[in-house]
Amino acid sequence: MKSQKIRYLTLFIVLLMSTSMGIHAMTLSSAKAQLNAFKTQGKVGEKLNGFLAVIQDRKATRKLVKIINKERLKYYEKIAIDNQLTLQEVEYIAGQKSTEKAKKDHYIQKDGQWIKK
C-alpha cells in the first residue's frame, strides 16, 4: 500500500516539477520563466530535499529561490497530507526526482557538494 502511494507521489511530483505551479501571478510566473536560465548559469541548484538552493549569491537569485521553494513547500505539504506521508518523505522523493531529472550542466547536490550534471 505504501509503495503504491510512493509511486503515485513520484508521478505527481514529476508532473508538478514539469508544469507551472502558478497562482502568484507575475512573481511566480516570472521566477519560473527565469529558473532554467538561472540553473544553466550555475546560479541555482537542486538540493536532495526537493528544494532549490542559491549557488551564486545575488539578490535576484535569492528572491527566485525563495518564491519557488515557498510554492514547492505548499505542494509537498498537501501531498504529504493527502498520502499520509511525512513531509520529510515527500521532500526525499522530490529531491531524488529533481536531481534525476536535472538537465546536463545544471547543478545538483551530491554528498554535500555541488556538482555539474
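The values are calculated or read from the model by the stated rules, or taken from the named source; none is laboratory data. Computed from a predicted structure; not experimentally measured. Counting neighbours? That spans all protein chains shown, and the Cβs are built from the backbone with ideal geometry, glycine included.
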- Task: Could you look through the stretch 9-58, keep only residues that are at pLDDT below 60 and assigned to a helix (DSSP H, G or I), and pick out the one that is nearest to L85 (Cα to Cα)?
- Result: L11
- Query: In this structure, is I81 assigned to a helix (DSSP H, G or I) and surrounded by 15 or more Cβ atoms within 10 Å (Cβ to Cβ)?
  - Reply: no
- Just checking, how many residues over the stretch 37-84 are in contact (Cβ under 8 Å) with a residue 40 or more places away in the chain and within 22 Å of K110 (Cβ to Cβ)? 15
- Task: May I ask you to list the residues in the stretch 84-110 that are of a type in the set (A, V, I, L, M), in contact with a strand residue (DSSP E or B) (Cβ under 8 Å, 6 or more places away or on another chain) and assigned to a helix (DSSP H, G or I)?
- Result: none
- Which residue pairs have Cβ atoms under 7 Å apart, sit 6 or more places apart or on different chains, and have a first residue in the stretch 93-107 that is without any contact (Cβ under 8 Å) to a residue 60 or more places away in the chain and a second that is surrounded by 11 or more Cβ atoms within 10 Å (Cβ to Cβ)? G95/K47; G95/L48; G95/N49; G95/G50; T99/E46; T99/L48; T99/I108; K104/K117
- Query: What do you reckon, is I108 loosely packed, with under 14 Cβ neighbours inside 10 Å, modelled with pLDDT of 95 or more and farther than 16 Å from Q34 by Cβ?
  - Reply: no
